[in-house]
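The values are calculated or read from the model by the stated rules, or taken from the named source; none is laboratory data. These figures come from a predicted structure and were not determined experimentally. Every residue, glycine among them, receives a Cβ derived from its backbone with ideal geometry; neighbour counts consider all protein chains shown.
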Amino acid sequence: MLPESLFSSARIMYRRYSHAMGRKVSPFSLYEEEKVIFVHIPKNAGTFVNSIIYPSMSPEESTKINAHHSVQYLRRLNRKTFDELPKMAILRHPAERLRSAFDYLKFKSPFVPDRAFADKALAAYPDFETFCRTVEDDEFKELLNWLHFQPQVSFICTDRGEIRVDALTSLEHLETGLRCIGEQFGFDWSLVQRPSSKIEPNGSVQDIIDRYYASDLALWDAVDCAPQKCLFFPKHARAA
């Protein structure tokens with residue numbers, strides 16, 4: 001097996017080759033066309049937001065191209081364009097996102113790898129409440145390796161905790177925040193309000209958030225407290 005650093009380098013080289021040969025469409029083809037990078041965090045209404053930011057194609061197609069890529073991956077894939085274009089992402093309250101991730105993997109995902117993962121990792125938990133109440137620490141740490149359970153900060157920060165997007169808003173305030181970011185970036189991202197359910201975390205859910213998603217919650221709180229429900233970052237700002 002290749003060391004992680006060599007594996008990552010090989011993956012980048014393969015992706016670049018696939019894009020050059022037309023086997024896969026590079027996400028940078030979207031970014032360069034619309035002059036903006038949307039970092040698509042799983043379970044944060046990415047398909048809907050893709051439809052707003054990349055309107056030249058269907059939401060299904062733009063989401064297939066602009067999948068769940070971290071800023072670290074994107075910067076290695078095309079550093080020059082990544083550094084030049086404005087970048088933004090959508091956060092979600094980590095308790096809501098955790099419930100959405102569990103329900104999606106357990107009951108809804110149409111993808112074979114997701115179903116295989118859920119059949120193995122989530123088989124013991126008939127519902128979200130049981131999962132939060134009974135999951136063991138070592139089990140949850142393993143779940144964190146799966147895309148949908150990874151902390152949101154892992155998609156928008158470097159290994160040193162530096163935030164690598166220029167703007168953030170939240171799913172809970174999507175209409176206000178996306179309009180604000182659009183105005184700052186020079187786009188009209190006005191949209192019909194997208195309703196979002198909101199849960200009040202009970203003790204077992206809050207315990208998971210405190211242990212594994214504290215940085216996500218701190219960043220979401222900062223967005224939630226911002227007057228226009230969006231935050232803009234100087235270069236190399238740090239997550240809490």
message: Return the pair list, or none, for Cβ contacts closer than 9 Å from residues in region 87-103 that are more than 15 Å from Gly46 (Cβ to Cβ) to residues that are polar (S, T, N, Q) and crowded, with 23+ Cβ neighbours inside 10 Å, at least 6 apart or on different chains.
response: His93/Ser170; Pro94/Gln152
Subset of region 21-54 (residues that are among the polar types (S, T, N, Q) and either part of a helix (DSSP H, G or I) or in contact with a Cys (Cβ under 9 Å, 6 or more places away or on another chain) (or both)): Ser29, Thr47, Asn50, Ser51
In region 37-62, the residues that are under 16 Å from the mean Cα position of the chain (by Cα) and crowded, with 21+ Cβ neighbours inside 10 Å: Ile37, Phe38, Val39, His40, Ile41, Lys43, Asn44, Gly46, Val49, Asn50, Ile53, Ser62
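Can Leu178 be described as closer than 29 Å to Ile52 by Cα, buried (at least 20 other Cβ atoms within 10 Å of the Cβ) and over 15 Å from the mean Cα position of the chain (by Cα)?
Numbers: closer than 29 Å to Ile52 by Cα: yes; buried (at least 20 other Cβ atoms within 10 Å of the Cβ): yes; over 15 Å from the mean Cα position of the chain (by Cα): yes.
Taking the combined requirement at face value, the residue satisfies it.
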query: If you go through region 77-96, how many residues are closer than 18 Å to Ile181 by Cβ and among the acidic types (Asp, Glu)?
result: 1
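When you scan region 63-76, do you find a residue that is over 21 Å from His148 (Cβ atoms), out of contact with any Pro (no Cβ under 7 Å at 6 or more places or on another chain) and surrounded by fewer than 15 Cβ atoms within 10 Å (Cβ to Cβ), even just one?
No, every residue in region 63-76 fails to be over 21 Å from His148 (Cβ atoms), out of contact with any Pro (no Cβ under 7 Å at 6 or more places or on another chain) and surrounded by fewer than 15 Cβ atoms within 10 Å (Cβ to Cβ).
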task: Any chance you could count how many residues in region 115-151 are acidic (Asp, Glu) and part of a loop (DSSP other than H, G, I, E, B)?
output: 2
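Step by step: first the residues of region 152-182, then only those that are of a type in the set (Ser, Thr, Tyr) and in a helix (DSSP H, G or I), then the one that is nearest to Ile209 (Cα to Cα). Which residue is that?
Ser154
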task: Identify the residue in region 124-168 that is in contact with a strand residue (DSSP E or B) (Cβ under 9 Å, 6 or more places away or on another chain) and among the β-branched types (Val, Ile, Thr) and, among all such residues, is surrounded by the most Cβ atoms within 10 Å (Cβ to Cβ).
output: Ile156
task: Mind listing just one residue for me: the one in region 202-223 that is surrounded by 14 or more Cβ atoms within 10 Å (Cβ to Cβ) and more than 12 Å from Pro94 (Cβ to Cβ) and, of those, nearest to the chain's Cα centre (by Cα)?
output: Val223
statement: Across region 77-94, the tally of residues that are assigned to a helix (DSSP H, G or I) and surrounded by 15 or more Cβ atoms within 10 Å (Cβ to Cβ) stands at 4
- line: Over region 187-224, the set of residues among the β-branched types (Val, Ile, Thr), within 16 Å of Ala45 (Cβ to Cβ) and modelled with pLDDT of 85 or more is Val223
